[in-house]
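Some notes on the structure that comes next.
The values are calculated or read from the model by the stated rules, or taken from the named source; none is laboratory data. Quick caveat: nothing in here was measured; it's all calculated off a predicted structure. Note that we place each Cβ from the backbone using ideal geometry, even for glycine, and neighbour counts take in every protein chain shown. Ligands, DNA and RNA are excluded from the accessible area calculation, which covers all protein heavy atoms including side chains. Shrake-Rupley method; radii C 1.70, N 1.55, O 1.52, S 1.80 Å.
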Amino acid sequence: MKQPPVLVPADCSEVLLHACCAPCSSAIVEWLVQHAITPTIFYYNPNIYPLAEYETRKQESQRHAAALGIRWIDGDYRHDRWLSDVCGLEAEPERGGRCQLCFTLRLMATARKAKELGFRYFATTLASSRWKRLDQIERAGLAAEQAVGGVTFWAQNWRKGGLQERRNELLKAYGFYNQQYCGCEFSMPCRDVAAG
């Protein structure tokens with residue numbers, strides 16, 4: 001069965017796109033450009049650990065944007081502040097309360113940046129990952145929309161319409177670094193690595 005297409009807000013010609021990484025943003029950015037929507041990438045991921053991992057993902061996102069001539073904005077990397085924000089949720093399982101708060105923190109920053117820059121819409125590539133719960137991402141985006149005001153969260157399942165398959169093709173075409181965990185030390189396959 002053919003998957004439903006991506007649903008575009010009728011008056012959307014540009015969007016501030018929170019990007020978690022280059023692989024996840026690649027097919028989304030391509031789709032937006034093909035549909036006459038100008039994306040600006042906002043790279044805000046203070047959850048990522050360690051710093052070397054953060055820098056690798058950041059450089060790949062910059063490389064991707066530069067290859068396409070797309071505006072790219074660097075958010076603050078304050079992992080210490082992020083750790084303070086999620087304090088008490090360290091033992092939560094993946095897709096649990098820590099992830100919900102992490103999504104909300106990142107999309108709150110995205111909504112504020114969208115408002116500051118005069119964007120009407122903001123979206124996130126987090127909704128392209130099959131490892132994340134779409135309901136959590138939508139709740140986070142809508143909470144950010146309501147808290148900031150004057151901006152609209154484009155809630156979209158970016159796995160649909162063949163975008164997941166296209167993501168995998170572009171990952172190979174660009175030779176992107178493809179991380180093996182979500183980002184924080186609590187999501188690493190071996191937590192002993194984080195402790196070391």
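Please sort by residue number the trypsin sites (Lys or Arg not before Pro) in region 1-80 whose DSSP state is loop and whose Cβ has at most 14 other Cβ atoms within 10 Å. Spell out each step's value before the answer.
On the way: sites: 2, 57, 58, 63, 71, 78; in loops: 2, 71, 78.
Filter output for region 1-80: 2, 71, 78.
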Would you calculate, for the chain, the mean residue ellipticity at 222 nm contributed by helices, counting each DSSP H stretch of 4 or more residues as -39,500 (n - 2.57) and dividing by all residues, to the nearest 500? -14500 deg cm²/dmol
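Quick check: at a probe of 1.4 Å, how many percent of the accessible area of the chain sits on carbon and sulfur atoms?
Details: 4940 of 9450 Å².
Roughly 52 percent of what the probe reaches on the chain is carbon or sulfur.
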Straight-line reach from residue 132: which lysines have a Cα under 17 Å away, not including same-chain ones fewer than 8 places off? 160
Roughly how many debye, to the nearest 20, is the charge dipole of region 24-92 about its Cα centre, given +1 on each Lys and Arg Cβ, -1 on each Asp and Glu Cβ, and no other charges? 320
About its Cα centre, how strong a charge dipole does region 61-196 have in debye, to the nearest 20, once Lys and Arg get +1 and Asp and Glu get -1 at the Cβ? 500
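Count charges around residue 128 for me, please; just the other residues with Cβ under 14 Å from its Cβ, Lys/Arg as +1, Asp/Glu as -1.
Spelling it out: positives minus negatives among the neighbours equals +3.
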Counting other C-beta atoms within 10 Å, and keeping those with at most 16, which DSSP coil chymotrypsin sites (Phe, Trp or Tyr not before Pro) do you find in region 79-143? 131
For the chain, take the longest principal axis of its alpha carbons; what is the angle in degrees between that and the long axis of helix 97-117, to the nearest 10 within 0 to 90? 50
For the chain, accessible area per residue (1.4 Å probe, heavy atoms of protein chains only), Å²: 48
Each label point is 7 Å from the Cα along the Cα-to-Cβ direction; what then is the distance between the points at residue 78 and residue 35, in nm? 3.4
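Note the full-extension length gain between residue 68 and residue 174 as 0.36 nm times their separation in residues minus their Cα-Cα distance, in nm to one decimal.
Length difference between fully extended and current span is 37.0 nm.
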Students often get this wrong: which residues of region 83-104 have the backbone nitrogen under 18 Å from the point 7 angstrom along Cα-to-C-beta of residue 51? 83-84
State the dimensionless ratio Rg/Rh of the chain (Rg: radius of gyration of Cα atoms; Rh: Kirkwood radius). 0.94
As I understand it, the dipole of region 104-159 uses +1 on the Cβ of Lys and Arg and -1 on the Cβ of Asp and Glu, about the Cα centre. Which of 119, 142, 107 lies farthest toward its positive end? 107
Rounded to the nearest whole Å³, what is the per residue volume of the convex hull around the Cα atoms of region 1-76? 112
